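Presented below is the structure to which this report refers.
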């Protein structure tokens, strides 16, 4: 294995790039939240022959081989990615809490799968995803208590704005006559239903936000800690055989939360105008470069003809 190949693999690890190389094809790191030591071993640590690699490739699909043997965390499941314009280098950042900005909490309910995203929208319109919470087999009241604990611990003194599934005010919660919104209110969490838009519209807005440029960064950035959301962007959240985003599973609920934020806090005109503006600016930059090229060449020709005198 050459050094460049090893470097590319190390950059793909789903951690905050605190990786130690122990030996050829072997890396290790210590978890941030617990003392466990993690070890990753690539087949290049042994002297595997090309025939062995070839046999493994024949036995698996291309994405299956990458995930199983090449330590590729970008490949999570089969299917067409919903957001192919998501890029690890552009959109995954060291996102930090801005104490003076309100914190958006977006809720998606369900006993089998439930999720919450913590985010902030800054004054330039950049959406910053700070944290994800994903639960299974959890009642709404228990989810609320978990989020309150996280909010009191990591978001102390912050002002919260809560949005949720637009159906949450109509549907009854598990084993309760109250709606999910009613249950949150008992804990002084006043979530408002998100704007009701077709799923495709919300996906389009997220895609545009991924393309939107804000200075040297992009309109949507995600913390390294949002492992499931990142996995979803990189291949876990895909279109099903009917051309619709998968509705069940680990990733869909987190992306529902993201969609509730985007449809509630961004207008399509705002995003389209921004992207069109960038395209115009890019064309203007090209024209300026061309004009500069022409002028420089004219000066060179004048010098050759003796039109410049010192």
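Points to keep in mind about this one:
- Using R0 = 35 Å, the C-beta based FRET efficiency linking residue 124 and residue 186 works out to 0.45.
- Gain on full stretching of the segment that runs from residue 98 to residue 51 - 0.36 nm per residue minus C-alpha separation: 11.6 nm
- In units of the compact-protein estimate 2.2 N^0.38 Å, region 71-160 shows a Cα radius of gyration of 1.27.
- Peptides 234-242, 110-118 ordered by packing proxy, namely the average of other Cβ atoms within 10 Å per residue, highest first: 110-118, 234-242.
- Contact order relative to length of region 106-209, as percent, for alpha carbon pairs under 8 angstrom and 6 or more apart: 22 percent
- Note on residue 178 and residue 41: with the Förster distance fixed at 35 Å, the Cβ-Cβ geometry gives a FRET efficiency of about 0.10.
- Extension gain (nm, one decimal) between residue 22 and residue 272, 0.36 nm per residue minus Cα-Cα: 85.2 nm
- Along each principal axis, taking the top coordinate minus the bottom one, the Cα set of region 88-266 gives 49, 45, 25 Å in descending order.
Values in this text are rule-based calculations from the coordinates and carry no lab data. Note that the structure is predicted; figures quoted are calculated from it, not measured. Note that we place each Cβ from the backbone using ideal geometry, even for glycine, and neighbour counts take in every protein chain shown.
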